[in-house]
Each structure stands twice: as C-alpha cells, then as structure tokens.
Amino acid sequence: MPESTYSFKQLENLVKKNYTNPDLDLLRRAYQVALGAHQGKIRLTGEPFINHPLAVAHRLAEMGLHINVVVAGLLHDVVEDSEFGIENVREIFGDDIASLVDSVTKLKRNVNYRGVERYAENLRKMFLAMASDVRVVFMKFADRLHNLQTLYAQPKHKQERIARESLEIYAPIAGRLGMSEIKGELEDYAFAYLQPKEYERMKSIMDIKVREKGAYVSRTIDLVEKMLAEAEIENSQVYGRVKRLYSLFKKMKKYSDDLDKIYDLIAVRIVVSDVEDCYAALGVLHQKWRPVPGRIKDYIAQPKPNGYQSLHTTMFTSEGEVVEFQIRTQEMHELSEYGVAAHWRYKEGSGEQERNMRWMEELAQIQKELASKKDFLEQLEYMKIDVFNDRIFVFTPQGDVIDLPEGATPVDFAYAIHSKVGDKCVACRVNDVMRNLDTKLTSGDIVEIVTDKNRKAPNPDWLKFARTRHARKKIKDATRNTIKGWFADVLHGRERAKKG
C-alpha cells in the first residue's frame, strides 16, 4: 500500500479553497518549524518524515477544521521528535495551538502495558482527551489513518496491535462522533491486516457486484437526474456509493453469508439544496417505483443518536433490481461524513453537537470518577458496552429519542430518562404491549415505563440484565443505600430495646 504524499503547496492550495481568509502566514511558519524539526529523518517506508505531518494536516484541512487545528497537525510530532519544546510552540503559535500539540503528544506517548491493561489505558487516554477537547481526537484520527496507510513497513506484531487498536478503539469512537467516513477508513485499513483472507473475499465480492451492477446503477442515476430536473428540484447531485468492505463483512455474518439479503451493496445518494427538496425527491422516487415494505426510514425527522440525518428508501426499480436511495442536504452529507468535526464548519467553536450528545457529556463525569487505573479496569467491560456496542434508538410515548447500546432493556431505558424513574420502575409497555423488564429492546420501539411512587428501591436482580454502566451504577447505589438504611433501622431498634 503506497504512502500518501502531499507537498506543502498542495496543503496551501487546499486551505485557500476550503477557508475564508485563512492565516496563510501562520501555516507557512508552522511548516518551516516542522520541516526543521524533522530534517533528515526518514520513516520506515523510506519516505521523508515531513510527509507524515503534511498528510495529517491535509486530512484536517479536508475536514474543514479551524486553521489552528490544521497548524497543530503540522506540528503534532515536533515536541516528541526534536528539541523544539512545548513552550517554544506556545511562544510562536499561541496557547490554543500549544494546548492541542501538548495534548496530542501526551496521547501519543507509549503505553507500557500489555493485553487488556494496554487496551484499557489507551481507552482511558482517549476518553480523557475527548472530555477535555474533542479536537485532539480529530487530530489523532488523522494521525492514525496515515499510520495505517503505511502500516506495511512495520513488523508483523506491530501491524496486528495497531490494526486491532484502530478497529476496537478508534473506529467505534469515530462512529459515536458521527464520523462515518473516518470510521469506514479505519475499519477497512485494520480489516486488511487482521483478517486478510476475509478482506480479499469481500473485495472480490464487491469487484464482481460493481461489474455486474455498475452499468445498471449508472442508468438509474441518469434516470433519477432527469426525474429530479422534470420535478424542478434544482442543484441536485446524484451518484453511487459502494459499501465498505468491513461493513459488508459484518452484514454477511449477520445474514449467514446470504448476499441476496443485502440491498445496499451499491446505493444511490441524492444531495439536494434543502430539507423541503429531500421530501420532494422522495416523492418523485415513490411515484416512479414501489418501495420495499419496512425499508423507508426518516432520519431527518428522527435523527440517529450520533446526529446522522438522511431519508432512506429501498425500491423495486423498473428492471427488477432492488436499490437503496439515500437523500440528504449538503450540510447533512458533510455532517454524515465528518460528524462532530463538521460542526466546526457550520457553527465554528460552538461545540453544539457535543452538548447535544448525552454520552459526550458523560465523558466529563467519567473523567472525575476514574480515580485510578484499577477503577477503570473494573468498569472497562461496561464502558465497552456503553461506548462501543452498536447503538439503538428507542422512543418515549412523547416521541423523545433515547440512545442506548444494542441489547439494552427497559430498565436501562428507565434510568436513561431519570434515576427516579429507574428506581420506581415496576413494569413496562413496549409498543403498547406489556413486557418483562429484561426484554431486549430494538431500534424504533416505543417504551412506556410504569412506576410506583411507593417503591423504595430497585430490585438488585436487575443487575443480571441491565446493560448500561449508568443503570448498573444507579441500581448498586440505591440498593447499597437501602441495605445501609436497613442496618441503621436494626441498630436503632436494638438501642431502643436496651434503653427500654
């Protein structure tokens, strides 16, 4: 796999294209500092070291992040690899850039653990970085992506470790941040090293399907463009999207290798000017073709928990083929590709997406609770469930969306609403049907929690099926306090008996 190389001129041109009135002088100074710091250094690939920070900065500029983040990308290795210290960075480039470089430097420092402890410590560092400044994680993604592109130059044991970390830590976090493009790249690069035979099998399947369906999809795209023009839906873009290999691998496992059950190998994406045109385009498609029952999804009215918005519909088209269509605005598209990072383009520095995502808010609380590495290891299994499991979104009867990990139960749902709702929960209705509290919920379920105001504490047996860290902690705290209260009542009774 060849190394992606970029010249400073390419980076400069990209910044001129993507930014309004960028500080090019700041960018040039950063490049000169990085060039000097890495002078004469060669990567294992045989390429000059400066190629790496240039590639990182180029990716950050593609994401449209603030120029300070792009500059920090150029400088992210200078403190670690040269005598140019963090105070030098601060003096020349200011506090914000110095803080970013310092945070990435700490994140990059080697972890002297093995096995689960190494995994836990890397995870812990990523959580702490996100809790303090999520931009650091964007830089880490860009750094990791370029390192994966050049992983072939590393020894075999390092290839596997770096690929596994990428698949198990970085890709899921990118997914939770709504960064589907980054997540997909991380997964595919890692997949190639961790399961090379399966990777080649998926690649072969996609190559065959693209050859088989390519001409038909092209005809469909031409027809859709004509249909949209006739409906006077202007400034639309229509193009094909090929499914990523690791995503295909997971779906093949889910459907026992039955390729006929996978409708989105090649999807057609429609990008329009505004939300009104999204629904208008959906109407145009449904007038022409028959939709597959149960395959129409409105993620605009009800966005996914990570902020993803689009209309999805799967259609039986004229030639008997089944095709998935995704309809979105340009802003939705960029938010889908780069998630939280794209908010810096539309609402620079506001951090609005972070505040809207409950799990991001919880990172600050997690940071406070992690008093030691030992505490973190004890919580690791449930942290992995909360953060890295596939997500479902479940509705309250009022239509509010609750974001939960796959396998969550009504008890997890109750505690996600409020700890008092969880503590006083006695029963539940799922889609208007009474269900047991250990029922596994699925995306789209409407859940109503029945409470009893006289209930004093949750049932400790709920710990056998509660999935989220938040629910488990609340159940343990409440039952612990109940036991303490019981002992206090007993002791108080004994004292009264003695006095009597």
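Applying the set (1) among the charged types (D, E, K, R); (2) out of contact with any Ser or Thr (no Cβ under 7 Å at 6 or more places or on another chain); (3) farther than 24 Å from K203 by Cβ; (4) surrounded by 12 or more Cβ atoms within 10 Å (Cβ to Cβ) to R295 leaves exactly one unmet item: (2).
Considering each residue of region 227-253, count those that are of a type in the set (K, R), surrounded by 11 or more Cβ atoms within 10 Å (Cβ to Cβ) and assigned to a helix (DSSP H, G or I), and give that number.
Going through region 227-253, the residues of a type in the set (K, R) turn out to be 241, 243-244, 250-251, 253.
With surrounded by 11 or more Cβ atoms within 10 Å (Cβ to Cβ) added as a condition, the list becomes 241, 243-244, 250-251.
Going one step further and asking which of them are assigned to a helix (DSSP H, G or I), we end up with 250-251.
Adding up the residues that qualify gives 2.
Residues in region 167-191 that are in contact (Cβ under 8 Å) with a residue 40 or more places away in the chain and under 8 Å from the mean Cα position of the chain (by Cα): P172, I173, A174, G175, R176, L177, G178, M179, S180. Counting only residues that are of a type in the set (K, R) and in a helix (DSSP H, G or I), which one in region 18-56 is farthest from A342 (Cα to Cα)? Of everything passing the filter in region 18-56, R29 is farthest from A342 (Cα to Cα).
Within region 437-449, the set of residues being surrounded by fewer than 16 Cβ atoms within 10 Å (Cβ to Cβ), of a type outside the set (G, A, S) and over 17 Å from A471 (Cα atoms) comprises T442, I446. Here R201 meets each of (1) assigned by TED's automatic domain parsing to the domain that holds R244; (2) in contact with a helix residue (DSSP H, G or I) (Cβ under 6 Å, 6 or more places away or on another chain) with one exception, condition (2).
Which members of region 308-327 meet the condition of being part of a strand (DSSP E or B) and not charged (D, E, K, R)? Passing the criteria: L311, H312, T313, T314, M315, F316, V322, V323, F325, Q326, I327.
Determine whether region 298-310 contains at least one residue that is over 30 Å from M63 (Cβ atoms) and at pLDDT 90 or above. Full working, then the answer.
Within region 298-310, the first condition is being over 30 Å from M63 (Cβ atoms), and the residues that meet it are none.
The answer is no; no qualifying residue exists.
Against the conditions (1) out of contact with any helix residue (DSSP H, G or I) (no Cβ under 8 Å at 6 or more places or on another chain); (2) assigned to a helix (DSSP H, G or I); (3) not hydroxyl-bearing (S, T, Y), D264 satisfies every one except (2).
Take the conditions under 24 Å from the mean Cα position of the chain (by Cα), without any contact (Cβ under 8 Å) to a residue 24 or more places away in the chain and within 21 Å of Q326 (Cβ to Cβ) and apply them to K243. Does it pass?
Numbers: under 24 Å from the mean Cα position of the chain (by Cα): yes; without any contact (Cβ under 8 Å) to a residue 24 or more places away in the chain: no; within 21 Å of Q326 (Cβ to Cβ): yes.
No; evaluated as a whole, the condition is false for this residue.
The values are calculated or read from the model by the stated rules, or taken from the named source; none is laboratory data. Quick caveat, the model's predicted, so the values are computed rather than measured. In this analysis, Cβ positions are derived from the backbone assuming ideal geometry, glycine residues included, and neighbour counts consider all displayed protein chains.
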